[in-house]
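Chemist: Quick one: this structure, given as structure tokens, is what I'll be asking you about.
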Amino acid sequence: MKVIVVNNHPTQNQFLDVVNHLYRNDKAYIRPLDQDVVKIFDPNQNPFFKHGQCTRWILQDNKGKTIGRIAAFINEKKAYGYEVPTGGIGFFECIDDQNAANLLFDTAKQWLAERGMKAMEGPINFGENDTFWGLLIEGFTPASYGMNYHLPYYLKLFRHYGFETAYEQLTNIVDVKQPFPERFTKIANWVASKPAYSFEHFDKKNADKYINDLMEIYNDGWKDFENFVPIKKEILQESFKQMEVIMDEKLIWFAYANGEPASFVVIIPDANQMIKGFNGKLGLWQKLRFAYRRWAGVNRMRAIVMGTKQAYQKHGLESSLFIKLKEYVLPNKKNYEELELSWVGDFNEKMLAIHQATGARFGKKHLTLRKKF
């Protein structure tokens with residue numbers, strides 16, 4: 001077996017296409033768009049290169065067939081916030097062979113160790129954690145856009161190499177056409193009726209205002225979590241730019257307390273239902289099919305991020321945001337059947353309590369794993 005660094009178009013194509021062989025018999029797998037993966041490794045498209053570095057490799061067998069891949073990266077803003085300097089690995093794919101997996105893990109480990117790292121976490125993304133994050137271990141159903149899907153034996157490959165669970169990532173599902181629990185609805189309506197609170201959905205014409213509001217809420221609400229790094233406006237601007245093609249403004253809601261930004265939820269239609277069968281490509285024919293599927297509508301939404309300022313947590317604002325969302329969805333978007341709440345770390349008890357209060361059912365479980373050198 002031979003490990004080859006990805007540094008040209010042929011090796012990049014092999015990095016992308018290895019999934020075709022690995023998932024050829026898995027009907028639940030939806031291949032991510034190639035352009036979404038490529039931009040992760042492009043310094044001109046990924047702002048994380050301003051404070052980090054990464055590389056990637058493919059693994060070939062003795063006949064020259066690509067049988068695996070892996071990427072390694074260092075986010076300088078987070079690497080030194082752990083007990084020991086910690087890098088990341090991601091985009092791992094491999095045949096069911098421990099020796100092959102070990103060779104990929106060893107390659108990433110050596111690269112990280114040479115740059116001062118003492119541990120690695122994965123599979124994670126060289127970017128924000130709303131996409132390509134975590135190892136799927138339960139719920140092998142079609143993934144929503146941006147969520148990792150893996151083969152069941154991957155956990156064994158990680159465990160046998162010595163990876164241990166850093167934290168669990170839980171995804172739950174809300175049946176949109178079913179009423180929320182009575183207590184949840186009562187509290188939400190009571191909070192929404194308070195004169196101090198107001199609610200607005202995102203408006204592209206005033207995008208800068210809402211991006212600033214989201215940044216203010218997020219950086220306040222999440223600041224006490226371990227290894228938190230404040231999100232920058234340029235990152236949010238890029239994220240909203242990428243969402244624009246599928247965005248539904250009335251699925252993104254903000255709550256204000258006497259005019260002050262207090263809480264938000266960002267929900268997008270599931271683009272994976274629009275790109276299914278595209279095999280990662282987005283040429284003219286795929287764009288036409290994408291446009292039709294977007295017009296026809298999909299039946300799943302994904303809540304990719306929520307946040308509430310610390311001063312307003314436990315005030316029920318999140319509940320009110322879901323009620324506002326439902327007021328729009330049920331009368332106007334009858335195609336939506338489920339809302340995926342993804343993903344929440346097992347360390348985030350407040351958000352998990354919100355999931356439970358909505359009456360959400362279990363959807364998927366991912367793991368973020370850690371290996372000390």
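The values are calculated or read from the model by the stated rules, or taken from the named source; none is laboratory data. A quick note: this is a predicted structure, and the numbers were derived from the prediction, not measured. So basically every Cβ, Gly included, is an ideal-geometry build from the backbone, and we count neighbours across all protein chains shown.
Chemist: Name the pairs whose Cβ atoms lie under 9 Å apart, with the first residue in the range 158-169 and in contact (Cβ under 8 Å) with a residue 40 or more places away in the chain and over 16 Å from E93 (Cα atoms), the second polar (S, T, N, Q) and buried (at least 17 other Cβ atoms within 10 Å of the Cβ), and 6 or more positions between them or separate chains?
Modeler: Short answer, once both residue conditions are applied: T165/T368; A166/T368; Y167/T368; E168/T368; Q169/S342; Q169/T368.
Chemist: To continue, here is another question. How about the range 35-72: which of its residues are of a type in the set (A, V, I, L, M, F, W, C), closer than 14 Å to Q14 by Cβ and part of a strand (DSSP E or B)?
Modeler: If the condition is that a residue be of a type in the set (A, V, I, L, M, F, W, C), closer than 14 Å to Q14 by Cβ and part of a strand (DSSP E or B), then W57, I58, L59, I67, I70, A71 are the ones that fit.
Chemist: Any residue in the range 273-293 that is basic (K, R) and closer than 26 Å to P179 by Cβ?
Modeler: Checked the range 273-293: no residue is basic (K, R) and closer than 26 Å to P179 by Cβ.
Chemist: Turning to a different aspect of this structure: Give me the helices (runs of 4 or more DSSP H) completely within the range 255-373, filtered to those with at least 2 residues that are of a type in the set (V, I, T) and in contact with a helix residue (DSSP H, G or I) (Cβ under 9 Å, 6 or more places away or on another chain), ordered by residue number.
Modeler: Result: 317-332.
Chemist: Taking the range 233-254 only, how many residues are of a type in the set (D, E, K, R) and either assigned to a loop (DSSP other than H, G, I, E, B) or touching an Asp or Glu at 6+ places or on another chain (Cβ under 8 Å) (or both)?
Modeler: Counting residues in the range 233-254 that are of a type in the set (D, E, K, R) and either assigned to a loop (DSSP other than H, G, I, E, B) or touching an Asp or Glu at 6+ places or on another chain (Cβ under 8 Å) (or both) gives 3.
Chemist: Does any residue of the range 153-172 turn out to be among the hydrophobic types (A, V, I, L, M, F, W, C), assigned by TED's automatic domain parsing to the domain that holds S320 and part of a loop (DSSP other than H, G, I, E, B)?
Modeler: no
Chemist: While we're on this one: If P230 passes every condition in (1) assigned to a loop (DSSP other than H, G, I, E, B); (2) in contact (Cβ under 8 Å) with a residue 24 or more places away in the chain but one, which one does it miss?
Modeler: Failing condition for P230: (2).
Chemist: Mind checking which residues of the range 1-28 are buried (at least 19 other Cβ atoms within 10 Å of the Cβ) and part of a loop (DSSP other than H, G, I, E, B)?
Modeler: Listed by number, the list holds a single entry, V6.
Chemist: Among A262, A357, which is the only one that is crowded, with 21+ Cβ neighbours inside 10 Å, over 30 Å from N20 (Cα atoms) and touching a Lys or Arg at 6+ places or on another chain (Cβ under 8 Å)?
Modeler: Values: A357 fails: crowded, with 21+ Cβ neighbours inside 10 Å.
Going through A262, A357 in turn, just one is crowded, with 21+ Cβ neighbours inside 10 Å, over 30 Å from N20 (Cα atoms) and touching a Lys or Arg at 6+ places or on another chain (Cβ under 8 Å): A262.
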